[in-house]
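What follows is a set of notes on a single structure, which appears directly below.
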Amino acid sequence: MKDFVILSNTKNGGFACNAFEKDRKLVRTVTAAATGTVAGVLSTTLALTGSGEKKLRKAGLSLLTGGALGNLADRLRDGYVTDFVTFTKGPEKLTQLAFNTADFSIFAGAILIVIDEILEKSDD
C-alpha cells in the first residue's frame with residue numbers, strides 16, 4: 001500500500017482539481033444546490049419505494065448524499081475541504097488528484113446507482 005497511496009494534507013477551496021478556487025462563494029452555492037438536489041432525490045426515492053425495493057439505488061443515493069453533505073459541511077465551516085489521499089500509481093490524471101472520505105463515498109454511491117440502473121435495464 002505504501003507505494004500506491006500517500007497520505008497528505010491538501011486544502012481544496014474549489015471543485016475537483018481546485019477548479020474555481022478563487023470563487024469560493026460560487027463553489028459553496030453550487031455545492032449546496034447539488035447536495036440539496038441529491039438529498040431531494042434520495043428522500044423521494046425513499047418515500048416512493050417499499051422497504052424491499054431498489055435497495056442498491058437507496059444505498060447508492062445514501063452514500064452519495066452522505067459524501068456530499070460531508071464536503072458541504074467542510075466548505076461551510078472552513079471554506080474548503082481537506083483532501084488527504086493521493087494515489088501514486090494509475091492514470092496520470094488520477095495521480096495528480098487528492099481525495100477525502102466524502103469523495104470516496106460519492107464515488108461508491110455513483111457506482112451503486114449505475115449498477116442498479118444496468119440491472120434494472122437487464123430485467124426489462
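The values are calculated or read from the model by the stated rules, or taken from the named source; none is laboratory data. Just so we're clear, the structure is a prediction, and the values are computed from it rather than from any experiment. Virtual Cβ from ideal backbone geometry, glycine too; neighbours counted across all protein chains shown.
Below are the figures for this structure:
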{"quantity": "Residues located in the range 1-31, provided they are free of Cβ contacts under 8 Å to residues at least 24 places away in the same chain and of a type in the set (A, V, I, L, M, F, W, C)", "calculated": "MET1, PHE15, ALA19, PHE20, LEU26, VAL30"}
{"quantity": "Residue that is farthest from the chain's Cα centre (by Cα) [pool: residues in the range 101-123 that are among the small types (Gly, Ala, Ser) and either closer than 21 Å to LYS11 by Cα or surrounded by 18 or more Cβ atoms within 10 Å (Cβ to Cβ) (or both)]", "calculated": "GLY109"}
{"quantity": "Test: ALA98 is modelled with pLDDT of 95 or more, surrounded by 12 or more Cβ atoms within 10 Å (Cβ to Cβ) and not acidic (Asp, Glu)", "calculated": "no"}
{"quantity": "Residue in the range 54-63 that is closer than 22 Å to ALA110 by Cβ and outside any helix (DSSP H, G or I) present", "calculated": "yes"}
{"quantity": "Hits in the range 66-95 - residues which are exposed (fewer than 12 other Cβ atoms within 10 Å of the Cβ) and among the aliphatic types (A, V, I, L, M)", "calculated": "LEU76"}
{"quantity": "Residues being closer than 21 Å to GLY66 by Cβ, surrounded by fewer than 11 Cβ atoms within 10 Å (Cβ to Cβ) and touching a Lys or Arg at 6+ places or on another chain (Cβ under 8 Å) - total across the range 1-55", "calculated": "0"}
